[in-house]
């Protein structure tokens, strides 16, 4: 299988660097092909601006989404964006490796998403009419791929639970896991999180490494987070969760299929996406 790792840390000798290297070693040892985008080493352009478009549809006023769709449709995206999109299409699984900075991903990784997840590629896909709001949340061009976050965190683990001062880690990562990875169709696995990363002894590193290797061994077998698919019958025509679903849950957890609920509808059709623009 093909695994694409997007790595975002400025120090190669960091714990993130060690986890990335271990992932490459472990996955290749299992017979998988691995590609790595080391964003800092690549000097990745993080800001999304007019320089991203070689042939502007409107040279007077920048509408980023409209220009993104125009560039994707006409094959005029910049080479760096095309290269990353090709890696995503090549991949059977995608791993994002990054430190949790200010409750989110580093700016360089967010900039990778902003530019690579173009209109027509990761959003603005499918039919938008009637009660259908396109192919998203479980459908899309990246459907059929798996994704997982490997995250390092400076704080203590109890701080990231239900009653912890920082709030639940799953809620914190929801915009990334549900809003970035599940949105264009990827099945998202629970994250691998390492806490108190500024205090890692050699003995603890062995525990961290063993846990990470175990997750990597299960990359293509582990059950994904049971996010509800947008077009599978659990949301109404306004894209609001139907009454009676999500009982007993609140916040982001209502968007997980709960035991005992009516099953989702199967996909109504096989979805084929055109990628000639790449």
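Given the options 213, 206, 177, name the one that is over 24 Å from the mean Cα position of the chain (by Cα) and either modelled with pLDDT of 95 or more or at positive phi (or both). Spell out how you get there, then give the answer.
Working: 213 fails: over 24 Å from the mean Cα position of the chain (by Cα); 177 fails: over 24 Å from the mean Cα position of the chain (by Cα).
Only one candidate passes the filter, namely 206.
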Inset, instruction - Only residues that are farther than 16 Å from residue 23 by Cα and under 15 Å from the mean Cα position of the chain (by Cα): list them for the range 216-225, please. - result: 224, 225
Inset, instruction - Being over 13 Å from residue 3 (Cα atoms) and either in contact with a helix residue (DSSP H, G or I) (Cβ under 8 Å, 6 or more places away or on another chain) or surrounded by 21 or more Cβ atoms within 10 Å (Cβ to Cβ) (or both) is the filter here, so list the residues in the range 139-148 that pass it. - result: 139, 140, 141, 142
Inset, instruction - Provide a single number: the residues in the range 211-236 that are surrounded by 18 or more Cβ atoms within 10 Å (Cβ to Cβ) and out of contact with any helix residue (DSSP H, G or I) (no Cβ under 7 Å at 6 or more places or on another chain). - result: 7
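So that you can scan it fast, the table gives a plain yes or no per residue for (1) under 28 Å from residue 234 (Cβ atoms); (2) in contact with a strand residue (DSSP E or B) (Cβ under 8 Å, 6 or more places away or on another chain); (3) surrounded by fewer than 18 Cβ atoms within 10 Å (Cβ to Cβ):
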site: 125; (1), (2), (3): yes, no, no
site: 129; (1), (2), (3): yes, no, yes
site: 135; (1), (2), (3): yes, no, no
site: 153; (1), (2), (3): no, yes, no
site: 170; (1), (2), (3): yes, no, no
site: 174; (1), (2), (3): yes, no, no
site: 177; (1), (2), (3): yes, yes, no
site: 183; (1), (2), (3): yes, yes, no
site: 207; (1), (2), (3): no, no, yes
Inset, instruction - List the number of the failed condition for residue 112; all other conditions in (1) touching a residue at least 12 places away in the same chain (Cβ under 8 Å); (2) part of a helix (DSSP H, G or I); (3) over 23 Å from residue 197 (Cβ atoms) hold. - result: (3)
Legend entry - Meets criteria (more than 17 Å from the chain's Cα centre (by Cα), part of a loop (DSSP other than H, G, I, E, B) and within 17 Å of residue 137 (Cβ to Cβ)) for residue 232: yes
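State all residues of the range 238-262 that are farther than 21 Å from residue 132 by Cβ and under 26 Å from the mean Cα position of the chain (by Cα); if no residue qualifies, say none.
Here is the first cut: in the range 238-262, the residues farther than 21 Å from residue 132 by Cβ are 244, 246-254, 256, 258-261.
Result: 246, 249, 250, 251, 252, 253, 254, 256, 258, 259.
With farther than 17 Å from residue 110 by Cβ and within 21 Å of the chain's Cα centre (by Cα) as the only criterion, which of 165, 200, 188 stands out?
Numbers: 165 fails: within 21 Å of the chain's Cα centre (by Cα); 200 fails: within 21 Å of the chain's Cα centre (by Cα).
Result of the check over 165, 200, 188: 188.
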Legend entry - Hey, residue 176 within 25 Å of residue 85 (Cα to Cα), touching a residue at least 60 places away in the same chain (Cβ under 8 Å) and either touching a helix residue (DSSP H, G or I) at 6+ places or on another chain (Cβ under 8 Å) or not in a helix (DSSP H, G or I) (or both) or not: no
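The values are calculated or read from the model by the stated rules, or taken from the named source; none is laboratory data. Owing to the predicted nature of the structure, the values given are computational and were not obtained by experimental measurement. Cβ atoms come from the backbone with ideal geometry, glycine included; neighbour counts cover every protein chain shown.
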